[in-house]
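Peer 1: This is the structure I have questions about; it appears just below.
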Amino acid sequence: MKSMTGYGKATVTRDNAELTIELKSVNHRFLDVSTKIPRAFIAYEDVIRNGLSKGISRGHVDVFLNYTLVGDTDKQVCVDMALAKGYVDAAKQLKEAFPDLHLDFNVNALMRSSEVLNLKQTEEDAETIREMIAEAVDKAVQNINAMREIEGNALRADLLAKIDNVERLLAEVKKHAPKVAEQYREKLRARVTEVLSGVEIDENKLANEVCFFVDKSCIDEEITRLGSHIARAREILQLDEPVGRKLDFLVQEFNRETNTICSKSSFLELTNVALEMKNEIEKIREQVQNLE
C-alpha cells in the first residue's frame, strides 16, 4: 500500500551526457502529470508519461528534467539569433525607460538567457536520449514508490487503529440500542399520565405505540452493515495494490450507516456515541485521501 506523497530522483549517464529526473508527488484523484522540462525535450514527454503510468496509478506528479554534457563533445551549439536580438532590444528599452539604472546585460547574461543556446542533436542522439529518459524515469519511479510505500504502511497502521475505534464505538451502539424502546415506553407513559391525570392507561395501546416507534427506530440493519463494512475495510488494507478509491467509496458507506443511526436515535447516550463514531470516520476519510 502506498501514499500519494513522495519524492524520487535518478541520474543516468551515457558517454559525456548526464540526465537527471526528479519526481515529486502529492494527492490527486487520478494520475495527473506536470512536466517541467527544457523546451528541447518536449518531444520526449510520451516517454516520461508512459514510464510514470507503469509504476504510479494516482497522484499529481511534477517531473523535473536536467540534461548536462560533461567533458568534450562534438555536438553543435546552435544560437537562436532572433531570440537573442529580442533580449538585447528588450534590455535597451528597459535602459531607455529607466536611465538611472546600471546596464549590466552582457554576452554572458545573454548566453544564460532561456533557449538562446541549444544543442543540435542527431537522430542517433535522440534515440539515446529516449533510452536515457526511460531508464531515469523507471529508476526515479522505483525511488519515489519506496518512499510512498513507507508512508503508506504508516497510514495503514493508523487507519487500522481508527477502524478499531469505530468497532469499539459500534459495540457501544449495540449495547445502548435495546434501551431505546424501554426509555421511549417510560417517557410516553409519563407524558400520558401527566396529560390524562387520573385516567387509567390502556396498556395495549401503549404497547402498540411503543412497537410502532421501535420498528421505526430499529438500527439492527445499520449495525450489521457497518460491522460488515469494518471487516471489508480491514481486508482491503491488506491488499498489495492501490486501494485508495476502494476505501474512499467504503468510507462513504460508513458515513451513510452512521448518519442513519443518528437520525433514528432519540436516546441521548446512543446519539453521543454515534456522533463520536462519525468524528472517527471523518478522520479515516481524511487519511484515505492520501492513499494511492
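Peer 1: Between N27 and N108, what's the calculated FRET efficiency when r is the beta-carbon distance and R0 is 41 Å? Round to 0.05.
Peer 2: On the way: r = 42 Å, r/R0 = 1.03.
According to the calculation, E is roughly 0.45.
Peer 1: Go through K2/K36; K24/K283; K174/K246; K175/K246; K9/K54; K54/K162 and tell me which ones have a Cα-Cα distance over 21 Å in this structure. It would help to have the intermediate numbers written out before the result.
Peer 2: Working: K2/K36 24 Å; K24/K283 25 Å; K174/K246 27 Å; K175/K246 30 Å; K9/K54 17 Å; K54/K162 32 Å.
From the list (K2/K36; K24/K283; K174/K246; K175/K246; K9/K54; K54/K162), the Cα-Cα distance tops 21 Å for K2/K36; K24/K283; K174/K246; K175/K246; K54/K162.
Peer 1: Starting from the coordinates of the alpha-carbon atoms of the range 231-285, obtain the Kirkwood hydrodynamic radius over all distinct pairs and give the value in Å to one decimal.
Peer 2: Over the range 231-285, the inverse of the mean reciprocal pair distance is 12.2 Å.
Peer 1: How large is the Kirkwood hydrodynamic radius of the range 24-77, in angstrom, based on all distinct alpha carbon pairs?
Peer 2: This gives a value of 12.8 Å.
Peer 1: Which cross-chain or sequence-distant (5 or more) residues have an amide H under 5 Å from the amide H of A17, H modelled 1.01 Å from N in plane?
Peer 2: V70
Peer 1: When you count, for each residue, the other Cβ atoms within 10 Å and take the mean per peptide, how do 230-239, 243-252 rank with the highest first?
Peer 2: Ranked from most to least packed, the peptides come out as 243-252, 230-239.
Peer 1: Also: Could you list the chymotrypsin sites (Phe, Trp or Tyr not before Pro) in the range 16-49 that lie in coil according to DSSP, counting only those with at most 10 other Cβ atoms within 10 Å of their Cβ?
Peer 2: F30
Peer 1: Taking a probe of 1.4 Å, how large is the accessible area per residue of the range 249-292, in Å²?
Peer 2: On a per-residue basis, the range 249-292 sits at 47 Å².
Peer 1: Among F30, A140, T20, which residue has its Cα positioned farthest towards the positive end of the charge dipole of the range 1-147, with +1 placed on the Cβ of Lys and Arg, -1 on the Cβ of Asp and Glu, and the dipole taken about the Cα centre?
Peer 2: F30
Peer 1: Mind checking the per residue accessible area of the range 35-159 for me, 1.4 Å probe, whole number of Å²? Display every interim value, and only then the final one.
Peer 2: Numbers: 7780 Å² over 125 residues.
With the other protein chains kept in place, the range 35-159 gives 62 Å² per residue.
Peer 1: So what's the projected area for the range 1-159, the Cα convex hull averaged over all directions, in nm²?
Peer 2: Numbers: hull surface 52.5 nm².
Computing the convex hull of the Cα atoms and averaging its projections yields 13.1 nm².
The values are calculated or read from the model by the stated rules, or taken from the named source; none is laboratory data. Being a predicted model, the structure only gives us computed values, none of them experimental. Cβ sites come from the backbone with ideal geometry, for glycine too, and all protein chains shown count toward neighbours. Note: areas computed on protein heavy atoms with side chains; ligands, DNA, RNA excluded. Shrake-Rupley method; radii C 1.70, N 1.55, O 1.52, S 1.80 Å.
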